[in-house]
Ligand code: MEV
């Protein structure tokens, strides 16, 4: 709730707001079941700008052409994005009429890079303002994330809000992690769309059907995350690739990889990556590869496969 809004004033929006995207370094899916995850923010992932419309009674429109998105928050409520945006604005006591919201993203949508969390966080900031308590922003984002993903762990909303590198355990405050040395990652979008809720449901199904098999795999992902964090903080970058490979194989065992993602991980390793894994929900979306030395051969190999990789540097802080 936006406790600062006087009761006699029409709800309003701030002129602009932004949010980070995210790349999950390790721990996805296991984080839904109580294990830790490490995620890095992708700064400048989405900028939203809000302008008043001439008709104060016209429903709020959210248009993000790069994501093929143009929805009205009254007429399009069947659309999950419209529903999520309406719920975030209502949660923040923001307006549902009289505004046009335009978005300029630098990340693709539905690729596992946190586009829905970036949207819901930026929207909450448009309504709550730049000085809003980050935990209030996360709570508002989660209202929208539940529309998209059912019961999300909250890692995406936390990293979209705070950026940096975070250790996240469900139900606890996110913990910023000090990275000892820069980490050069190649993010490779497979071009295959995926649905986070379906992927999370697949793991839950496997856990219910085969608890004595799937539970230790989730625990092993948690142990991989702890080892990854120790290596990140201690500057043992040579261990990270191996741990990423472990994480990928455990996720594949839980049923959330795909032949394309497996093939891209093999291809990245063959081009010199120290390790590669799916990132996010899997099934499609992206893989991440950690370069042993130069990223160029990995980028060239992926371009030759018709893909459009992105090099990001996770900075020490
Ligand atoms: C999605 O980005 C990450 C998952 O672990 C789901 C979640 O944490 O809510 C697959």
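Highest mean first, the peptides 46-54, 114-122, 157-165 sorted by other C-beta atoms within 10 Å per residue fall in the order 114-122, 157-165, 46-54.
Take every pair of alpha-carbon atoms less than 8 Å apart whose residues are at least six positions apart; their mean separation over the length of the chain yields a relative contact order of 21 percent.
Among 55, 226, sorting on how many other beta-carbon atoms sit within 10 Å of each Cβ, with the fewest leading, yields 55, 226.
Mind giving me the FRET efficiency for residue 304 and residue 198? R0 is 45 Å, r the Cβ-Cβ distance, nearest 0.05 is fine. According to the calculation, E is roughly 0.90.
Treating the angle as unsigned and between 0 and 90°, give the value, to the nearest 10°, between the Cα long axis of helix 115-128 and the longest Cα principal axis of the chain. Once rounded, one gets 30 degrees. With the simple spin-label model, which puts each label point 7 Å out from Cα in the Cβ direction, the residue 66 to residue 238 separation comes to 3.9 nm. Cβ-to-Cβ counts within 10 Å put 149, 236, 266 in ascending order as 266, 236, 149, the fewest first. When each of 156, 308 is scored by the number of other beta-carbon atoms lying within 10 Å, the sequence from fewest to most is 308, 156. Given their separation in residues at 0.36 nm each and the Cα-Cα distance between them, residue 293 and residue 170 gain 40.8 nm when the chain is fully extended. Pairwise Cα separations in the stretch 152-246 fall into 5 Å bins from 0 onward with the following percentages, short to long: 2, 10, 14, 19, 24, 18, 9, 2, 0.
Measuring r between the beta carbons of residue 16 and residue 212 and using R0 = 45 Å, the FRET efficiency lands at 0.30. Beyond 22 Å, what percent of the Cα pairs of the stretch 78-217 remain? Percentage above 22 Å: 47.
The C-alpha atoms of the chain define a longest principal axis, and helix 80-91 lies at about 60 degrees to it. Across the stretch 209-317, C-alpha contacts under 8 Å between residues 6 or more apart give a mean separation that, scaled by the residue count, equals a relative contact order of 19 percent. For the chain, the longest principal axis of the C-alpha atoms and the axis of helix 240-253 are separated by about 80°.
Springs between Cα atoms under 10 Å define the GNM used for the chain, and in it the highest mean-square fluctuation of 124, 227, 19 occurs at 227.
With only the Cα atoms considered, the chain has a convex hull volume of 122 Å³ per residue.
Determine the gain in length on full extension of the stretch residue 131-residue 311; use 0.36 nm per residue of separation and subtract their C-alpha separation, reporting nm with one decimal.
Numbers: separation 180, 0.36 × 180 = 64.80 nm, distance 3.13 nm.
Using 0.36 nm per residue and subtracting the Cα-Cα distance, I get 61.7 nm.
Reducing the stretch 75-119 and the stretch 175-253 to their Cα centroids gives an inter-centroid distance of 28 Å.
Taken together, the values in this text are just the output of simple stated rules run on the coordinates, not laboratory data. These numbers come from a predicted model, not from an experiment. All Cβ positions, even for glycine, are placed from backbone atoms using ideal geometry, and neighbour counts span all protein chains on display.
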